[in-house]
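Reading through the structure tokens given below for one structure.
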Amino acid sequence: MATYGILYNHQDLTAIAANVQTSLTDARLTNQERQVANRHWNAGLNAWSTAPVAPLEWQSGDPDTRVVVVSHPQVNIQQLIDLLRAVGTRIPGASYMLAIADDIARPSGGQQPWPPA
């Protein structure tokens, strides 16, 4: 089972969730990208609004940092990063997803496996 955690504040998680949810049906993405979005959404991203506060050592100075845990045998954090880059490139007004994808690629924004060793 692949499990990863996204470490982001609630405001940014709102944007991430909105874009992933939109990508479930957006025709500007490929069928494969929509399937990836669906797997990640159903494997834990859909719980973003109730995500617990991250452990203190993972807050990076923001006490509103939450951890969203995604777990499924067919998901990994790189797929989410690639999906956010596709959204940021192809969906008008969503270019900020490119920066969020870069952040999630850093240990302070995303960790696989979760919990980190």
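The values are calculated or read from the model by the stated rules, or taken from the named source; none is laboratory data. Worth saying up front: this structure is predicted, and the values here are computed from it rather than measured. Cβ placement follows ideal geometry from the backbone for every residue including glycine, while neighbour counts extend to all protein chains displayed.
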Identify, please: which residue in the range 53-112 is charged (D, E, K, R) and outside any helix (DSSP H, G or I) and is, among those, surrounded by the most Cβ atoms within 10 Å (Cβ to Cβ)? Arg66
Which is surrounded by fewer than 18 Cβ atoms within 10 Å (Cβ to Cβ), under 23 Å from Ala117 (Cα atoms) and not hydroxyl-bearing (Ser, Thr, Tyr), of Asn46, Asn9, Asn42, Asn38? Asn9
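What are the residues in the range 1-28 that are aromatic (Phe, Trp, Tyr) and within 13 Å of Ala51 (Cα to Cα), if any?
We begin by selecting, within the range 1-28, every residue aromatic (Phe, Trp, Tyr); these are 4, 8.
Once the filter is applied, which keeps residues that are aromatic (Phe, Trp, Tyr) and within 13 Å of Ala51 (Cα to Cα), the range 1-28 yields only Tyr8.
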Here are some conditions: (1) surrounded by 15 or more Cβ atoms within 10 Å (Cβ to Cβ); (2) not in a strand (DSSP E or B). Ala27 meets all but one. Which one does it not meet? (1)
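Return the only residue of Thr50, Thr30, Thr25, Thr65 being in contact with a Phe, Trp or Tyr (Cβ under 7 Å, 6 or more places away or on another chain) and of a type in the set (S, T, N, Q). Can you show your working first?
On the way: Thr50 fails: in contact with a Phe, Trp or Tyr (Cβ under 7 Å, 6 or more places away or on another chain); Thr30 fails: in contact with a Phe, Trp or Tyr (Cβ under 7 Å, 6 or more places away or on another chain); Thr25 fails: in contact with a Phe, Trp or Tyr (Cβ under 7 Å, 6 or more places away or on another chain).
Result: Thr65 is the single residue among Thr50, Thr30, Thr25, Thr65 that is in contact with a Phe, Trp or Tyr (Cβ under 7 Å, 6 or more places away or on another chain) and of a type in the set (S, T, N, Q).
Select from the range 68-100 the residues that are of a type in the set (Val, Ile, Thr), under 11 Å from the mean Cα position of the chain (by Cα) and within 15 Å of Ala15 (Cα to Cα) and write down the one among them that is modelled with the lowest pLDDT.
Let us first name the residues in the range 68-100 that are of a type in the set (Val, Ile, Thr), namely 68-70, 75, 77, 81, 87, 89, 91, 100.
Remaining after also requiring under 11 Å from the mean Cα position of the chain (by Cα): 68-70, 77, 81, 100.
Restricting the remaining residues to those that are within 15 Å of Ala15 (Cα to Cα) gives 68, 81, 100.
Numbers: Val68: 97, Ile81: 97, Ile100: 94.
Ranking the qualifying residues of the range 68-100, first place goes to Ile100.
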Could you count how many residues in the range 14-45 are free of Cβ contacts under 8 Å to residues at least 24 places away in the same chain and within 10 Å of the chain's Cα centre (by Cα)? 1
